[in-house]
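A short write-up of the structure that comes next.
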Amino acid sequence: MKSFWLLTGASAVSTMGNTFLYVAVPLALLQSTGSPLLAVLSVAAQNLPYLLAPLLGPFIDRYDRRVLFALGEVVQGLAVAAIPLALWHSLTWAVFLALSVIGLANVVSDVAGDYGLIPLLVPAERLDRASAQFTALLLAARFVGPALAGLIIAGLGSTWALELDAVTFLLTALTTLGMPYARQEPTESSLVAMLREGVAFFRSRADLRRLTLVTALYNVGAGALESTLITVGRSDWEWSARTLGIAMSIAAVAAAIGAWLAPRVLIGDDRKRQLAICLGVCGIGTLGLLTPWPVVMVGGFAVLCLGEGGINAAVMGYRQQAIPDHLSGRVNAVIRTFVTGAVPASSLVLGLTISLGSSALVFAPVTLAVGAAFLLWTTMRQPGPPETTLTPVIEERIAQ
């Protein structure tokens, strides 16, 4: 378990630093370009590379996951460090290019770490609780990150916030030196054959396809919600970076609570009931977003994050147990293609509605998408996995 806690601590530091990116980049683009649309689309640039995730899956399953995790962190750190330079020279296209590189490297480090390393570092009988602890700590880091980012941006500017984020990635990569090797069994299959095997397994599992469809639909609405609220808060409410950071931290606390409660309160093997409750909580939270009062909107966002933490708690553990270890990289990469690949669509939709003024119009897509995900999950027949017991645990905005 020592290596598990090493990975968890390193990932928490990286997550805390990455919240600087979520806060600093939209604010910096809004300041430099004056365009709320570009600010919101920055999230799309970071998540669009997930559409290429299936191509990376075979590499994750073939090579040492520890090395791939570290490599992904290093690349992200270098790309983050380049963003202030691009902003300094008013190269908006370079900012979006760096964000795309960050997203591509994040595919590798996330899949290799969350779904590759954790099952190898933890005994099978402790996997559920360990996964819950992993995600709860990452969500707790998201509590500290936005508030700290707001203070740093307010006091020192966006450049310092981004450079500190870059350092956290490099520190995370260094911690992998203390982890055991995580090389897979040698295989003579070609990368193309490995990719086909992963896709075939995903297509054969109706339960995984249903879960993927629901979470992808959720992300179409809520995937870019955080950056949209930051943009609205800055441009319409005239909130300071410090105030926005505190607001995002409150929502992160709610998400951590939801993730912590899921394996303790939503016990049992009724997957349909567990996710239905969490999606219902998210739906209630979206109603607060439709009001004209900023405090109520932030409160609604916090309620949505509470339910979202529970959803992640159910999804991550299920995928860890339902997918064989030798297929983990490929199948999870395919799932990430749909789930995280839906975030750019959310960025585009909310980027267009953000100019409508009324909060009821700006955030209506969020309410509609979450409501549709709830109806899809509760009204359609839920297929069970052929050999796997459904057990709740944890995952970051639905991932992500």
Please list 3J(HN,Hα) in residue order for segment 250-258, calculated via the Karplus relation 6.51 cos²θ - 1.76 cosθ + 1.60 where θ = phi - 60°; whole Hz, with x for glycine and proline. 4, 5, 5, 4, 4, 5, 5, 5, x
Taking amide H atoms as placed 1.01 Å from N in the peptide plane, list the residues 5 or more away in sequence, or in a different chain, whose amide H sits under 5 Å from that of residue 363. none
Where in the chain is the longest stretch that carries no GluC sites (Glu not before Pro) classed as loop by DSSP and with at most 14 other Cβ atoms within 10 Å? 1-187
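What number comes out for accessible area per residue over segment 253-360 if the probe is 1.4 Å? Units Å², please. Before the final figure, lay out the partial values.
On the way: 3570 Å² over 108 residues.
For segment 253-360, the per-residue accessible area is 33 Å².
Expressed in nm to one decimal, what extension gain is obtained for the pair residue 199 and residue 296 from 0.36 nm per residue of sequence separation less their Cα-Cα distance? Don't jump to the answer; show the numbers that get you there.
On the way: separation 97, 0.36 × 97 = 34.92 nm, distance 4.32 nm.
Extending this stretch completely gives an extra 30.6 nm.
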For segment 319-331, 3J(HN,Hα) per residue [Karplus equation, 6.51 cos²θ - 1.76 cosθ + 1.60, θ = phi - 60°, Hz, x = Gly/Pro]: 5, 4, 8, 7, 10, x, 4, 5, 10, 4, x, 5, 5
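Starting from the Cα-Cα distance between residue 63 and residue 368, subtract it from 0.36 nm times their residue separation and give me the gain in nm to one decimal.
Full extension of this stretch gives 105.6 nm more.
Roughly how many percent of the accessible protein surface of the chain is carbon and sulfur, given a 1.4 Å probe and a whole-percent answer? Don't skip to the end; give the middle numbers.
On the way: 10670 of 15620 Å².
Carbon and sulfur: 68 percent of the exposed surface of the chain.
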Could you give the size of the charge dipole of the chain about its Cα centre, using +1 on the Cβ of each K and R and -1 on the Cβ of each D and E, expressed in debye and rounded to the nearest 20? 480
³J(HN,Hα) across segment 195-202 via Karplus (A = 6.51, B = -1.76, C = 1.60, θ = phi - 60°), whole Hz, x for Gly/Pro? 4, 4, 5, x, 5, 4, 5, 4
To the nearest 500 deg cm²/dmol, what mean residue ellipticity at 222 nm is calculated for the chain from DSSP H runs of n ≥ 4 alone, each contributing -39,500 (n - 2.57), summed and divided by the residues? -25500 deg cm²/dmol
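What relative contact order, as a whole-number percentage, does the chain give when Cα pairs under 8 Å and 6 or more residues apart are counted?
On the way: 772 pairs, mean separation 113.4, N = 400.
Averaging sequence separation for qualifying contacts and normalising by length gives 28 percent for the chain.
For segment 65-114, report the accessible area per residue in Å² (1.4 Å probe, heavy atoms, rounded to an integer).
Values: 1920 Å² over 50 residues.
That works out to 38 Å² per residue.
What does the extension gain come out to for residue 276 and residue 236, with contour length at 0.36 nm per residue minus their alpha carbon separation?
11.0 nm
The values are calculated or read from the model by the stated rules, or taken from the named source; none is laboratory data. In this text the structure is predicted, and so the values were computed from the model without any measurement. Every residue, glycine as well, gets a Cβ built from its backbone with ideal geometry; the counts of neighbours run over all protein chains shown. Note: areas computed on protein heavy atoms with side chains; ligands, DNA, RNA excluded. Shrake-Rupley method; radii C 1.70, N 1.55, O 1.52, S 1.80 Å.
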